[in-house]
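Participant: Quick one: this structure, given as structure tokens, is what I'll be asking you about.
The values are calculated or read from the model by the stated rules, or taken from the named source; none is laboratory data. Since this is a predicted model, take the numbers as computed values, not measurements. In this analysis, Cβ positions are derived from the backbone assuming ideal geometry, glycine residues included, and neighbour counts consider all displayed protein chains. These area figures cover heavy atoms from the full protein model, side chains too; ligands, DNA and RNA do not enter into them. Shrake-Rupley method; radii C 1.70, N 1.55, O 1.52, S 1.80 Å.
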Amino acid sequence: MHPEISLPTLIAHRGYSAAAPENTLSAVRAAHHVGVSWVELDVQLLGDGTPVIWHDVDINRCSDGRGKLRHLSWKQTQDLDVGRWFSAAFAGEKMASLEAMLALVNELDMSINLELKVNRGHDPIALVERVLPVVLEALPAERFVLSSFDQTALRHSRTFATADNLALGMLVNRLPKGWQTQCGEIDAFSLHANWSRLKRAQADAIQQAGYSLLCYTPNNPVAFQPLWAWGAASAITDEPEIFQRYLSAPTATPPALINEVTKEQR
Ligand code: G3P
Ligand code: MG
């Protein structure tokens, strides 16, 4: 048995990352503002062990600083501006701790697909040990899916809670040969696939094996349209508003709007 999770059609990737700097409190507020109740967020540990919401191995792309995340303390991160790189409107945005993010998610009555992001040089076990107790305490199982590309992190996560209390999602780029064994090992709830690499027969097999299918990161709802018929439960997208507009009135969506969406993967 799995938690009674009602998967949404749309999950805002790194928060609403087309409208606000990714993985920030502002990006989650932006998703909420447009009526999207689920967000995908990445979590990692700083050098001092603090769990923070961050995607990259370093701070170069998304802050006004430079260096590796694992060389920073919490105090040092709070001197960084993680909003101005995106736009002046977000100048002064601070890196979010996991704790602050969970408080916001609860305040807004939202749900999370949290990705355990194990970048090069990072320890999956330490990440799980710091993150799992905090999240399991903060969120009911119905509002939480934990995912990772890292099988060690997923296996260790399973030791913290049984399948009825914790939904685990296996993230894949190309579907690997041993995916059924890997999903079985962790008693997976879902499989999160790169939509642009997925084949219809694979989508069928995933669902026949009993797993919900989530797809990352489609930003063009026209190109993604066939995947709904393949049984995709959720699209994890940077562009939830473009999807909303298209899904509510497919024929009325101006082609120009869709053509503007070019960034499918970062
Ligand atoms: O969880 C889906 C997606 O976020 C995985 O890739 O690199 O955007 O974290 P990435
Ligand atoms: Mg992610």
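Participant: Just to be sure I understand the filter: pairs with C-beta atoms under 6 Å, separated by 6 or more residues or on different chains, first member in region 1-27 and more than 14 Å from Val145 (Cα to Cα), second member hydroxyl-bearing (Ser, Thr, Tyr) and in a helix (DSSP H, G or I). Which pairs pass?
Facilitator: Short answer, once both residue conditions are applied: Ala20/Ser26.
Participant: Okay, moving on. Those residues that are closer than 17 Å to Arg130 by Cα, buried (at least 16 other Cβ atoms within 10 Å of the Cβ) and charged (D, E, K, R), I need them from region 42-94; list them, please.
Facilitator: Residues satisfying the conditions are Asp42, Arg70.
Participant: Failed condition for Ser37, given (1) of a type outside the set (A, V, I, L, M, F, W, C); (2) more than 16 Å from the chain's Cα centre (by Cα); (3) surrounded by fewer than 22 Cβ atoms within 10 Å (Cβ to Cβ), with all others met?
Facilitator: (2)
Participant: How many residues, within region 171-196, are open to solvent by 40 Å² or more (accessible area, probe 1.4 Å) and within 16 Å of ligand 2 (Cβ to nearest atom)?
Facilitator: Residues that pass the stated criteria total 2.
Participant: So how many residues does region 133-148 have that are away from ligand 1 (no atom under 16 Å from the Cβ) and touching a Leu at 6+ places or on another chain (Cβ under 8 Å)?
Facilitator: The total comes to 5.
Participant: For region 186-266, list the helices (runs of 4 or more DSSP H) that sit wholly inside it and hold at least 1 residues that are at pLDDT 95 or above; which are they?
Facilitator: The qualifying helices (runs of 4 or more DSSP H) are 200-208, 221-229, 240-248.
Participant: Kindly indicate whether Thr159 is touching a strand residue (DSSP E or B) at 6+ places or on another chain (Cβ under 7 Å) and at pLDDT 95 or above.
Facilitator: For Thr159, the condition - touching a strand residue (DSSP E or B) at 6+ places or on another chain (Cβ under 7 Å) and at pLDDT 95 or above - is not met.
Participant: Considering only residues that are within 14 Å of ligand 2 (Cβ to nearest atom), touching a Phe, Trp or Tyr at 6+ places or on another chain (Cβ under 8 Å) and more than 19 Å from Gly83 (Cα to Cα), which ones fall in region 8-44?
Facilitator: The one that is within 14 Å of ligand 2 (Cβ to nearest atom), touching a Phe, Trp or Tyr at 6+ places or on another chain (Cβ under 8 Å) and more than 19 Å from Gly83 (Cα to Cα): Ile11.
Participant: Further, regarding this structure: Which members of region 1-34 meet the condition of being part of a loop (DSSP other than H, G, I, E, B), of a type outside the set (A, V, I, L, M, F, W, C) and either buried (at least 24 other Cβ atoms within 10 Å of the Cβ) or touching a Lys or Arg at 6+ places or on another chain (Cβ under 6 Å) (or both)?
Facilitator: Arg14, Gly15, Tyr16, Ser17, Pro21, Glu22, Asn23, Thr24
Participant: Where in region 77-185 are there helices (runs of 4 or more DSSP H), lying wholly inside it, with at least 2 residues that are in contact (Cβ under 8 Å) with a residue 12 or more places away in the chain and under 16 Å from the mean Cα position of the chain (by Cα)?
Facilitator: In region 77-185, 98-107, 124-138, 151-158 are the helices (runs of 4 or more DSSP H) which contain 2 or more residues that are in contact (Cβ under 8 Å) with a residue 12 or more places away in the chain and under 16 Å from the mean Cα position of the chain (by Cα).
Participant: Sticking with this structure for a sec: When both residues are 6+ apart or on different chains and their Cβ atoms are under 8 Å apart, which pairs have a first residue that lies in region 40-57 and is aromatic (Phe, Trp, Tyr), and a second that is at pLDDT 95 or above and within 12 Å of ligand 1 (Cβ to nearest atom)?
Facilitator: Pairs found: Trp54/Asn23; Trp54/Asp42; Trp54/Val43; Trp54/Gln44; Trp54/Lys117.
Participant: Let me ask something else about it. Could you tell me whether any residue of region 48-55 is over 30 Å from Asp187 (Cα atoms) and away from ligand 2 (no atom under 16 Å from the Cβ)?
Facilitator: The answer is yes, given that some residue of region 48-55 is over 30 Å from Asp187 (Cα atoms) and away from ligand 2 (no atom under 16 Å from the Cβ).
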